[in-house]
Amino acid sequence: MSIATLNIYLAGVGGQGIGLLSEVLIRACIAGGHNVKGVDTHGLAQRGGIVVSQIKLGPKLFTPRINPGEADLVVGLEMLEAYRGAVNMLRQGGTVVYYDSQYQPIHVRMGMSEYPTQEQFAAVVAEKGGRLERVHVDDLPDPRMQNAALLGRIASLGLIPGVGADVIETALLETVPAAHLEKNRAVFEMAAAAVGAA
């Protein structure tokens, strides 16, 4: 399949599983026939800091880096990082899919700045004419499975041309450790089925 370009910006906090999220999306996009480039930033992962992945799809790619304001899809494993992605990276008319969890950085815990509200987040996306999709799974077996929930929602919404839900689910099941396969599958399917309910 050939598309002009699709820029996917992923953001989260170290330890949330953004590496697996990125790997699954890249595998799924390749399986869907796309030319893909991706890059991860893992420098702060062990300190609970910001972790970012960038994925580009298109016929002629020179770099996986996405310029500010050019992300078609922002995916956040945590609300503050999704909010930052929307402010800095989202293009006009783009989509944000985020898992509704909160990890307060030290400057928020010390009272030096405030954590954004849901209303502020929605306003930022609306100002850009974008779409905001909240994802949350009750009784999530493991916080590290938030990535499976996000993948389920991305799959069910058809946000990547030519990459259907079955392709994304297959890539997920090929990537997660065997011991966690069924739980990840269940989370994926719950999030996929919850479209319109969140």
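Taking the Cβ of ALA155 as the center, what net charge do the other residues with Cβ under 14 Å away carry, scoring Lys and Arg +1 and Asp and Glu -1? Please report the intermediate quantities before stating the final value.
Values: positive: ARG27, ARG153, ARG185; negative: GLU133, ASP166, GLU169, GLU189.
Residues near ALA155 contribute -1 overall.
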Expected output is a single nm value to one decimal: the length gained when fully extending between ALA122 and ALA179, i.e. 0.36 nm times separation in residues minus the C-alpha distance. What is it?
16.8 nm
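Is it possible to state the helix-based mean residue ellipticity at 222 nm for the chain, with each DSSP H run of 4+ residues giving -39500 (n - 2.57), the sum divided by total residues, to the nearest 500 deg cm²/dmol? What is it?
Numbers: 7 runs with 74 residues, N = 198.
Result for the chain: -11000 deg cm²/dmol, rounded to the nearest 500.
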Order of 145-152, 183-190, 171-178 by packing, highest average Cβ count within 10 Å first?
145-152, 183-190, 171-178
Taking only C-alpha positions in the chain, Rg and Dmax in angstrom work out to 15.7, 49
Which lysines have a Cα lying under 22 Å from the Cα of LYS128, excluding residues fewer than 8 positions away in the same chain?
LYS56
Counting only C-alpha contacts under 8 Å and six or more residues apart, can you give the relative contact order of the stretch 6-193 as a whole percent?
22
Report the Rg/Rh value for the stretch 71-188, based on alpha-carbon coordinates and the Kirkwood definition of Rh.
1.01
Take the alpha carbon gyration tensor of the stretch 123-166, find the square roots of its eigenvalues, order them as a ≥ b ≥ c, and report rounded if a/c is under 1.5; if not, report prolate when a/b exceeds b/c, else oblate.
oblate
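Bear in mind that the values in this text are calculations on the coordinates, not laboratory data. Remember, it's a predicted structure, so these values are computed and weren't measured experimentally. Note: ideal-geometry Cβ built from the backbone for every residue, glycine included; neighbour counts use all protein chains shown.
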